[in-house]
Amino acid sequence: MPQVTLNGDIKQTLHQNLLLLLDEMGQTQGRFAVEINGELIPKSELANVTLQDGMNIEVVQAVGGG
């Protein structure tokens with residue numbers, strides 16, 4: 001069971017890929033960007049990223065306003 005840091009919080013998950021984890025955490029709604037260990041990950045690659053112990057994942061949600 002991988003242990004990762006997601007937006008500063010340590011998470012353990014049974015999921016093996018990043019997209020499933022982000023879906024479970026409600027992080028895939030609207031416009032968002034994902035960075036792993038300082039590297040921007042294209043949305044098209046999220047399902048191909050295998051979760052590994054110690055990954056530092058940051059998700060930023062775009063918020064509109066005016």
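The values are calculated or read from the model by the stated rules, or taken from the named source; none is laboratory data. Note that the coordinates shown come from a computational prediction; the quantities given were computed from them, not determined experimentally. Ideal geometry is used to build each Cβ from the backbone, glycine not excepted, and the neighbour counts take in all protein chains shown. Surface areas here come from the heavy atoms of the whole protein model, side chains and all, with no ligands, DNA or RNA. Shrake-Rupley method; radii C 1.70, N 1.55, O 1.52, S 1.80 Å.
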Exercise. Obtain the radius of gyration and the Kirkwood radius of the range 7-63 from its C-alpha atoms and give Rg over Rh.
Key: 0.91
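For Lys11, Lys43, write out the residues from largest to smallest accessible area, computed with a 1.4 angstrom probe and no ligands counted. Please list the in-between numbers first.
Values: Lys11 60, Lys43 110 Å².
Final ranking, largest accessible area leading: Lys43, Lys11.
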Quiz item: Per residue, what accessible area does the chain have, given a 1.4 Å probe and all protein chains present, in Å²?
Solution: 65 Å²
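How much of the accessible area of the chain, in percent, comes from carbon and sulfur atoms when a 1.4 Å probe is used? If you can, show how the numbers build up before the last one.
Values: 2070 of 4310 Å².
Whole-percent figure for carbon plus sulfur exposure: 48.
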Quiz prompt | Nearest-20 debye value, the chain charge dipole, Cβ charges on Lys, Arg, Asp, Glu | solution = 160 debye
Self-check item: Contour minus Cα-Cα distance for Thr5 and Met25 (0.36 nm per residue)
Solution: 6.0 nm
